[in-house]
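Here the structure comes first, spelled out in structure tokens, and everything after it is commentary.
The values are calculated or read from the model by the stated rules, or taken from the named source; none is laboratory data. Everything numeric here is computed off the predicted structure, so don't read it as measured data. Cβ coordinates were reconstructed from backbone atoms using ideal geometry, including for glycine residues, and neighbour counts include every protein chain displayed. Note: areas computed on protein heavy atoms with side chains; ligands, DNA, RNA excluded. Shrake-Rupley method; radii C 1.70, N 1.55, O 1.52, S 1.80 Å.
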Amino acid sequence: QVQVVESGGGLVEAGGSLRLSCVASGTTFTIIAMGWYRQAPAPGKQRELVASITSDGTTTYADSVKGRFTIFRENDKSTVYLQMNSLRPEDTAVYYCYTAITVAQAKGDMTPWWGQGTQVTVSS
């Protein structure tokens, strides 16, 4: 059982910054990838990938956050951060961290381990 715990959400004004943290524990397997999805409050809005980082350090970003958000990790590779700058009201969402310990999970073929989510609210 892998535990994934997020922290760092909150309320911020547009243009401000927040840093989210995510810690994965409870596994002796190599973590293949970690990252962040978000789900906005609008009805029918799907959960979308925000950013991810693989075990070799490869990062991926949604087009909507490129140049504003940065994902990085600790050397132990079980803690990742999402630095969010120049926040916009449309970034308001619940942010979920995931951890993949298999290739299938990293590809999305199997469900990864999820955290409980942290709310980010950006006021205009």
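Which of (1) among the basic types (Lys, Arg); (2) under 11 Å from the mean Cα position of the chain (by Cα); (3) exposed (fewer than 14 other Cβ atoms within 10 Å of the Cβ) is the odd one out, the single condition Lys107 does not satisfy?
Every condition holds for Lys107 apart from (2).
Report, by residue number, each residue of the stretch 29-74 that is at pLDDT 95 or above, surrounded by 13 or more Cβ atoms within 10 Å (Cβ to Cβ) and of a type in the set (Lys, Arg).
Arg38, Arg68 - these are the residues of the stretch 29-74 that are at pLDDT 95 or above, surrounded by 13 or more Cβ atoms within 10 Å (Cβ to Cβ) and of a type in the set (Lys, Arg).
May I ask you to list the residues in the stretch 110-121 that are assigned to a loop (DSSP other than H, G, I, E, B) and either touching a Phe, Trp or Tyr at 6+ places or on another chain (Cβ under 6 Å) or open to solvent by less than 20 Å² (accessible area, probe 1.4 Å) (or both)?
Pro112, Gly115, Gly117
Here is a yes/no grid of residues against (1) in contact with a Cys (Cβ under 8 Å, 6 or more places away or on another chain); (2) in contact (Cβ under 8 Å) with a residue 12 or more places away in the chain:
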| site | (1), (2) |
| --- | --- |
| Leu18 | no, yes |
| Cys22 | yes, yes |
| Thr28 | no, no |
| Ala40 | no, yes |
| Pro43 | no, no |
| Glu48 | no, yes |
| Ala51 | no, yes |
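State the number of residues belonging to the stretch 75-104 that are crowded, with 18+ Cβ neighbours inside 10 Å and either acidic (Asp, Glu) or not in a strand (DSSP E or B) (or both).
Qualifying residue count, the stretch 75-104: 5.
Which count do you get for residues in the stretch 5-28 that are open to solvent by less than 60 Å² (accessible area, probe 1.4 Å), over 12 Å from Tyr95 (Cβ atoms) and hydrophobic (A, V, I, L, M, F, W, C)?
So the count comes out to 3.
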